[in-house]
Every structure is written in structure tokens, then in C-alpha cells.
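The next block holds one structure in the form of C-alpha cells; read it before the comments.
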Amino acid sequence: MTLAAVEEITDILSAPVFGGGLPPDAERKLFEAAHSYDRSEIALAHLREARRLAPNHVAVLIGLYRFFFYKGRLAEALEIANSCLLRAAIDNSLPLDWRVVRPDHAAFASFDDPVARFFMFVLKGYAYLNMRLGDFQEGRAAVEKLLELDPTDSVGAGILLSVLEERELGDVD
């Protein structure tokens, strides 16, 4: 995790919709993880401690997700994506199963609703990870849900659908 990523997470934290600030000890652990990124086990230890201190805080979940994603540990990134989906569902007062979420449950296409946008971007990451891990059926279901919730495709789910369609035609691995 880069220093820019930590700064981005800190900006996200300032939004009241995310429940206010991160506990200072957890924030320090995220900072230490960012500065230890090139030493994976040390960075991961800091991230795990941040999660122990603030287990459901969005910033901690994002930090863990990015760490696993950029380290190529996609199965672990998918586990964190599931935690993020649960957090986003709770924060949006949505059904806990993303499959039953409807467009009228939140302002999904609105850039003015960061919590709804977070749900959309998490679902997109979830779709992408499932596709990368070979679960194309689950990936497609998530992409189709994204397009149902956001028919203008403001989060760019259509590109994932294109990849799936090309794969089905035998044009992509």
C-alpha cells in the first residue's frame, strides 16, 4: 500500500457516512503498513493489527483489500471483498445478500452518495475477482446486478461484461 493510498483512505474517513474517524492506533497501523509495503509479512502484520483494532472500519478493509489485490493474493482479496460487501450493505441499510438488492434501495448512480458508490465499487471488485479466479458464473451475476442497479454504468461494469462475452465467444482466456 502506497502513501497515496493511505492518504486516499484518510480522505474517505473524513466523510461522516463512514462513521467518523478511525481509532488513532488503527490509523497508525495503516500508516506503518504503507511504509512496510515492500516487506509483505511486516505490512500484513500491521494490517491485521489495524483490523483487530477496528475490525469493520472501511479504511482497514480497503487497506487489506488493496494489499492482497496488489500482491496478487486474489483469493484473500475476494474474502475481504465479501467483508466489504457486508459492510457496504449494512451502511446502506441494504439486504445482506447483494443478489436481492434493488435499484430503489439506494442512489447507486449518484456521485453524491459515497456509501452507495462504495457498494457499487465493491461489487465491481467482487465481480472482477471472481472472474480472475475462474468463477465466471458468479462474476457474471455480480456484473448483471451492477448494470441493473446502475443502468448508465457509471462504475464501468460494462467492460467486465464485454470480457465475459468475448470469453464465451472464445476470444479471451
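Just to check your reading of the model, which residue among Arg87, Arg102 is in contact with a Leu (Cβ under 9 Å, 6 or more places away or on another chain), of a type outside the set (S, T, N, Q) and at pLDDT 95 or above?
Only one candidate qualifies: Arg102.
Looking at His46 and the list (1) modelled with pLDDT under 95; (2) buried (at least 19 other Cβ atoms within 10 Å of the Cβ); (3) not hydrophobic (A, V, I, L, M, F, W, C), which single condition is not satisfied?
(1)
Identify the residue in the range 72-92 that is in contact with a helix residue (DSSP H, G or I) (Cβ under 8 Å, 6 or more places away or on another chain) and of a type in the set (Gly, Ala, Ser) and, among all such residues, is farthest from Leu44 (Cα to Cα).
Per the stated criteria, the residue is Ala89.
Please go through the range 104-148 and pick out each residue that is in contact with a helix residue (DSSP H, G or I) (Cβ under 8 Å, 6 or more places away or on another chain) and either loosely packed, with under 13 Cβ neighbours inside 10 Å or among the aromatic types (Phe, Trp, Tyr) (or both).
Once the filter is applied, which keeps residues that are in contact with a helix residue (DSSP H, G or I) (Cβ under 8 Å, 6 or more places away or on another chain) and either loosely packed, with under 13 Cβ neighbours inside 10 Å or among the aromatic types (Phe, Trp, Tyr) (or both), the range 104-148 yields Phe108, Ser110, Phe111, Phe118, Phe119, Tyr126, Tyr128, Phe136.
Go over the candidates Leu129, Leu94 one by one and state the one that is more than 24 Å from Phe68 (Cα to Cα) and not assigned by TED's automatic domain parsing to the domain that holds Tyr65.
Leu94
It is to be established whether one or more residues within the range 86-93 are surrounded by 14 or more Cβ atoms within 10 Å (Cβ to Cβ) and polar (S, T, N, Q).
So far as the range 86-93 goes, yes, one or more of its residues are surrounded by 14 or more Cβ atoms within 10 Å (Cβ to Cβ) and polar (S, T, N, Q).
Which residue is farthest from the chain's Cα centre (by Cα), if the candidates are limited to the range 39-84 and must be closer than 25 Å to Tyr128 by Cα and among the acidic types (Asp, Glu)?
Here the answer is Glu76.
So which helices (runs of 4 or more DSSP H) are wholly in the range 13-101 and hold at least 1 residues that are hydroxyl-bearing (Ser, Thr, Tyr)?
The helices (runs of 4 or more DSSP H) meeting that bar are 40-53, 58-70, 74-91.
The values are calculated or read from the model by the stated rules, or taken from the named source; none is laboratory data. Everything numeric here is computed off the predicted structure, so don't read it as measured data. Using ideal geometry, Cβ is built from the backbone for each residue, glycine included, and neighbour counts are taken over all protein chains shown.
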